[in-house]
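A.B. asks: Once you've had a glance at the structure underneath, I'll fire off some questions.
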Amino acid sequence: MKKLAIYLSIIVAVFVLLFVINKATVSSKDSKAKELYGVSASKLHPDTVKQLEDPNYQSIVLPEDLAKSVNNKESMFVYFFSPDCHFCQRVTPIVYPMSQDMGIELKQFNILEFRNYLSTYNIQSWPVLAYFKEGVEVDRIVGEVPQNEYKQFFEKYKQ
């Protein structure tokens with residue numbers, strides 16, 4: 001009987017530990033979701049949640065902030081991506097670190113979360129790396145291209 005009580009205690013302890021670990025993970029994801037998107041992780045698409053702590057997806061721009069930048073006639077690079085896009089998953093680890101190495105602020109717009117803005121920015125396929133000069137888009141790269149083309153694009157418009 002004592003062995004049964006010991007085994008039962010161990011099983012209960014394991015479940016409690018798993019519960020605590022899960023709660024901490026959810027809390028961490030919620031914190032990151034609120035930091036990047038202004039909402040809890042439960043309100044985001046599961047593919048977005050998977051990327052919350054990925055260092056290549058930490059410059060998220062929200063629709064209202066992007067619209068404000070456009071209205072303020074800012075010059076900027078914007079990367080339109082979707083977390084569930086295989087091309088985006090290959091391009092982002094190239095484009096984002098490259099922009100950081102070149103000292104370029106790259107605003108990342110998650111079209112999976114903000115699909116109703118596709119027509120606003122004339123996005124028909126993705127990923128899209130766009131350059132806005134004084135609030136007006138002047139150039140873009142659509143899809144996956146060789147790495148040197150991204151570098152040339154950044155160099156062409158880098159201020």
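A.B. asks: Please work out the average accessible area per residue across the chain, using the 1.4 Å probe convention, and give it in Å².
C.D. replies: Ligands and nucleic acids excluded, the figure is 60 Å² per residue.
A.B. asks: Once you've got the GNM for the chain with C-alpha springs shorter than 10 Å, pick whichever of A41, A130, A67 has the biggest mean-square fluctuation.
C.D. replies: Taking springs between Cα atoms under 10 Å, the residue moving most is A67.
A.B. asks: Taking springs between alpha-carbon atoms closer than 10 angstrom, which of F87, F114, F77 fluctuates most in the Gaussian network model of the chain?
C.D. replies: So, out of F87, F114, F77, the one fluctuating most is F114.
A.B. asks: Per the 1.4 Å probe, what fraction of the accessible area of segment 54-110, in percent, lies on carbon and sulfur atoms?
C.D. replies: 49
A.B. asks: What angle do you read, to the nearest 10 degrees and between 0 and 90, between the alpha-carbon axis of helix 2-37 and the longest principal axis of the chain?
C.D. replies: 20
A.B. asks: Could you tell me which of the pairs K73/K107; K68/K151; K133/K158 are separated by over 19 angstrom between their Cα atoms in the structure shown?
C.D. replies: Long pairs (Cα-Cα over 19 Å): K68/K151.
A.B. asks: 5 Å is the cut-off here: which amide hydrogens, built 1.01 Å from N in the peptide plane, fall below it relative to V61, excluding neighbours closer than 5 in sequence?
C.D. replies: For V61, the qualifying residues are Q108, F109, N110.
The values are calculated or read from the model by the stated rules, or taken from the named source; none is laboratory data. All values reported here derive from a predicted model rather than from experimental measurement. The area values use the complete protein model at the heavy-atom level, side chains included, leaving out ligands, DNA and RNA. Shrake-Rupley method; radii C 1.70, N 1.55, O 1.52, S 1.80 Å.
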